[in-house]
Amino acid sequence: MRRRILVMVAAAALACMGLMLCGCNGSNNYQPPLKEATVAPPVIGEEGTLRVGVNTENPPLAGMGSGKIIGIDVDIAAAMADSLGLKVSIVDVGSDAAAAIAEGKVDVVMGIDAANAEADYWTSPSYLPTGIALFALSPDAGVPAPDSGATFAAQVSSKSAWAVSNEFGQDALTSTNSLSDAFAALQAGTVQYVAADAIIGLYAAHGQGLDVSVVAMLMKPSGYCMAVSAENADLQQAAGDALANLVSNGTIDVIERKWLGASVALDGLQVIGDGSALTDEGGDAAADDQAASDGTDEPSSSEADGSGDSGSDSGNGDSGSDSSDDSSGDSDGDNSSEDEE
């Protein structure tokens, strides 16, 4: 009798395991239900798809990697589209956001520096901070005084290099060919600080495996915003609310950690100078900092902090960071990217 009972229990256990493997409905192809779209034409240009413009010459916000457009803004765009019940199409619009919006090429544009925003379009509150930061190997490095003899590295002919020269003098500056070289000098002890854009600097240091801290700012922090047509109040409301929710629920924080190794917090840092020497007049001002690589390298799975996918996967389609090279924005809703020209 005991043997018969054991046989019956084993058979029941195997049956339960079979049901678990097959699924309650006998299928192993379960997919979560699609979200209902909250916006449609004419609020957006294409049914079921949010067309998002980025500048692929602005890594790590957006750049080319493995033949597709990837970056922080791409992941944020995918998460925003998902929250709106839409698929996402990523389009390289370069630096002319105003023209892309006015010509109807895209619905929104990411990565607009609030300090340089134009009156031709509406901008959201900032979702990422930016500004020229001072990096050190230790959070206790302190804030350098103009007469302290502190030494700095910055990429040659960048705004960061100009800011160091303006505040501390040319002799305090070591100009390097790249941010990678600047952080190598910091690691070697050749200099005490690196000056770079906060986002780009963290990206470059993270790519080199360096744990650095932002100890001060060389200009008042600004922020990256989203741009929408000034006449499209409905999309301003819908996309603006979706973006604000990504900020408040921690999704953007996860995406920052995926790409930068840390979230970016610039509030409360001491500001050295006002950045007035960095205004771009007559086209003669220094160039922006450039990331260490020519493109935007995808972070490895070990860099994603175990949760980076929450910002890059759109529940109604493929990941925004895995968009294809098809820039036509086909109505089938597959995510697409326009190659850098």
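Of the residues making up region 147-172, those that are assigned to a loop (DSSP other than H, G, I, E, B) and either more than 17 Å from Gly273 (Cβ to Cβ) or not polar (S, T, N, Q) (or both) number 7.
Can you say whether Ser148 is open to solvent by 20 Å² or more (accessible area, probe 1.4 Å), over 24 Å from the mean Cα position of the chain (by Cα) and small (Gly, Ala, Ser), as far as the supplied structure shows? When the stated conditions are applied, Ser148 passes them.
Residue count for region 89-137, restricted to those that are at negative phi and touching a Pro at 6+ places or on another chain (Cβ under 6 Å): 1. Applying the condition of being touching a helix residue (DSSP H, G or I) at 6+ places or on another chain (Cβ under 6 Å) and closer than 18 Å to Gly149 by Cβ to region 176-201 and asking which residue is surrounded by the fewest Cβ atoms within 10 Å (Cβ to Cβ) yields Val191. Looking only at region 222-239, decide whether some residue is surrounded by fewer than 19 Cβ atoms within 10 Å (Cβ to Cβ), acidic (Asp, Glu) and either within 27 Å of Val106 (Cα to Cα) or modelled with pLDDT of 95 or more (or both). Yes - at least one qualifying residue is present in region 222-239. For region 176-229, the candidate set comprises residues that are outside any strand (DSSP E or B) and polar (S, T, N, Q); within that set, the residue that is nearest to Gly94 (Cα to Cα) is Ser178.
Candidates Ala198, Ala244: the one that is closer than 30 Å to Lys35 by Cα and under 22 Å from the mean Cα position of the chain (by Cα) is Ala244. The single condition from (1) assigned to a strand (DSSP E or B); (2) within 11 Å of the chain's Cα centre (by Cα) that Pro60 fails is (1). Residue count for region 232-253, restricted to those that are farther than 17 Å from Ile101 by Cα, part of a helix (DSSP H, G or I) and free of Cβ contacts under 8 Å to residues at least 24 places away in the same chain: 3.
Residues checked against (1) of a type in the set (S, T, N, Q); (2) under 21 Å from Lys258 (Cα atoms); (3) at pLDDT 95 or above:
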position: Val7; (1), (2), (3): no, no, no
position: Ala10; (1), (2), (3): no, no, no
position: Ala15; (1), (2), (3): no, no, no
position: Gly18; (1), (2), (3): no, no, no
position: Ser27; (1), (2), (3): yes, no, no
position: Ala62; (1), (2), (3): no, yes, yes
position: Lys68; (1), (2), (3): no, yes, yes
position: Lys87; (1), (2), (3): no, no, yes
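For region 151-170, filtering for residues that are closer than 15 Å to Asp289 by Cβ, open to solvent by less than 30 Å² (accessible area, probe 1.4 Å) and of a type outside the set (A, V, I, L, M) leaves 4. Entry remark, region 109-146: residues being over 19 Å from Val74 (Cβ atoms) and not in a strand (DSSP E or B) number 19 in total.
The values are calculated or read from the model by the stated rules, or taken from the named source; none is laboratory data. Because the structure is a prediction, the values reported are computed rather than measured. Here the Cβ is made from the backbone with ideal geometry for all residues, glycine too, and neighbour counts use every protein chain on show. In case anyone asks, the SASA skips ligands and DNA or RNA and just uses the protein heavy atoms, side chains included. Shrake-Rupley method; radii C 1.70, N 1.55, O 1.52, S 1.80 Å.
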